[in-house]
Amino acid sequence: MNSLAKKRILLCVSGSVAAYRAPELARRLGEQGAEVRAILTEGATKLISPLLMQAVTGASARTALWDEAAEAAMGHIELARWADCIVIAPATANTIARLARGEACDLVSTVCLAADAPLLVAPAMNRNMWSHPATQENCAILRRRGVSLVGPDHGGQACGDVGEGRMSDVSEIAAAAAEAADRSLRLAGQRVLITAGPTREPIDPVRYLSNHSSGAMGFALAAAAARAGAAVDLVAGPTAAVTPPKVDRFDVVTAEDMLAEVMRRVPDCSIFIACAAVADYAPARYSQSKQKRSDSAVRLDLRPSPDILASVAKRPNPPFLVGFAAETEDVQGRARSKLDSKGVDMVVGNQVGGGRGFGDVETSAWVVWKGGGKRIGQCAKPELARQLVDLIAQRMGLGKVALLRTGSQAR
Ligand code: C5P
């Protein structure tokens, strides 16, 4: 079956000259089995007519946020919920800037803000507008949020310039839409438990032992798993990271707290992803009063923290287990030896050290499992999370679940 069969694609068209190719894209998506609805920005309506989009999609195309008749039928929130995937093609610099700022000033930006479906953006603009740092920064913001970009391509432009900024081929955008929509329910029916962030091991009322973990990777995984249709429980150490939509978050402080919360939730889950940077050691004794400064050296006795991942692995009928290995050298080798020593199904090896690995940065990984492995090249953490969710679904044989969904099983 085609991967676009029965997929609901919301095609948003903004005001670039490449809007003339939007009807062809709509037809291509429709030919591949997708149900397509279109929204045009005001700029797009200056270039192509809503009637043309209606003719090629078979559904009335929307243009305005404040449209009483349309809002009475399928309002902007219903439209956001309806979509399995939102494709913005062509996406102008202005539309991209609005998305990056989180504006809700027209129907396209409002629907995108209200939706949690995968978002695919196909930029189309003059080469200088594309290479402008403002546009590049806006695109980087979108990528960090897990938005996929396709193109733009290099070539002749409507203004006569030649350079990067042409909208990608319709067939390429349709293929990217199929991939994005196909991901949308990979983990439907699964309950995923994820640990994220650092733990804090108190020494006295003012001091603690911890590490540099920001929680960014675990939170990106929680977002990707939720977007893939899973129910997600996120057990988070102290972090400023923002809880993704549709994720249940449980805050903990110490490794012992994290173990207790995980053990409470693990019996219900089918996938456990241990992404937290759990402190390996905790102070052997907690001092009720603040330790006073002195000029002589002090000793801090440490005891090992509980190994949460190993504790889950020892349970009868454990869930599908994914561990992380933050390594300063031989990432692949160490990830593989962790696979054996921890008895888990998959290990994600990350390079850390020298400023790499922690926080809102690009990262790369070696993902290993019994009998196989894959290197994922440098990318933003939400992109790595999306690829990891795909790999987990593949390894669990869940890849085809998305294709079985019917209209009545709408989110
Ligand atoms: O043994 P190491 O700390 O290198 O293993 C890392 C993996 O084990 C990560 O997935 C981490 O979340 C998990 N872990 C854990 N509890 C610990 C230490 C690590 O769950 N106390």
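Can you name the residue in the range 81-121 that is within 22 Å of Ala5 (Cβ to Cβ) and among the aliphatic types (A, V, I, L, M) and, of all such residues, is surrounded by the most Cβ atoms within 10 Å (Cβ to Cβ)?
Val87
Could you check how many residues of the range 321-330 are out of contact with any helix residue (DSSP H, G or I) (no Cβ under 7 Å at 6 or more places or on another chain) and closer than 27 Å to Cys269 by Cβ?
Looking only at that region, the number is 2.
For the range 286-293, does any single residue satisfy the condition of being touching a strand residue (DSSP E or B) at 6+ places or on another chain (Cβ under 8 Å), farther than 23 Å from Val348 by Cα, of a type in the set (Phe, Trp, Tyr) and surrounded by 10 or more Cβ atoms within 10 Å (Cβ to Cβ)?
yes
Pairs needed: first member in the range 97-122, farther than 10 Å from Cys12 by Cα and assigned to a helix (DSSP H, G or I); second member anywhere, at pLDDT 95 or above and among the hydroxyl-bearing types (Ser, Thr, Tyr); C-beta distance under 9 Å; at least 6 residues apart or different chains.
Qualifying pairs under 9 Å: Ala97/Thr135; Arg98/Ser109; Leu99/Ser109; Arg101/Ser109.
Glu256: charged (D, E, K, R), in a helix (DSSP H, G or I) and either touching a residue at least 40 places away in the same chain (Cβ under 8 Å) or under 30 Å from Arg28 (Cα atoms) (or both), yes or no?
Against the criterion (charged (D, E, K, R), in a helix (DSSP H, G or I) and either touching a residue at least 40 places away in the same chain (Cβ under 8 Å) or under 30 Å from Arg28 (Cα atoms) (or both)), Glu256 qualifies.
Within the range 309-332, can you find the residues that are in a helix (DSSP H, G or I) and within 13 Å of the ligand (Cβ to nearest atom)?
Leu309, Ala310, Ser311, Val312, Ala313, Val331
Search the range 274-299 for residues that are closer than 28 Å to Glu261 by Cβ and within 16 Å of the ligand (Cβ to nearest atom) and pair each with any residue that is assigned to a loop (DSSP other than H, G, I, E, B) and basic (Lys, Arg) when their beta-carbon atoms are under 8 Å apart and the residues are at least 6 apart or on different chains.
Taking only residues 6 or more apart or on different chains, the pairs are Ala279/Arg200.
Have a look at Arg28, Arg21 and point out the one that is under 15 Å from Glu172 (Cα atoms), over 28 Å from the mean Cα position of the chain (by Cα) and either assigned to a helix (DSSP H, G or I) or at pLDDT 95 or above (or both).
Residue meeting the stated conditions: Arg21.
Going residue by residue through the range 260-281, is there one that turns out to be at pLDDT 95 or above, touching a Leu at 6+ places or on another chain (Cβ under 7 Å) and among the small types (Gly, Ala, Ser)?
For the range 260-281, residues at pLDDT 95 or above, touching a Leu at 6+ places or on another chain (Cβ under 7 Å) and among the small types (Gly, Ala, Ser): present.
Determine whether Val368 is in a strand (DSSP E or B), at pLDDT 90 or above and under 20 Å from the mean Cα position of the chain (by Cα).
So Val368 does not fit the description; no.
The values are calculated or read from the model by the stated rules, or taken from the named source; none is laboratory data. All figures in this text were calculated on a predicted structure; none of them were measured in a lab. Cβ atoms come from the backbone with ideal geometry, glycine included; neighbour counts cover every protein chain shown.
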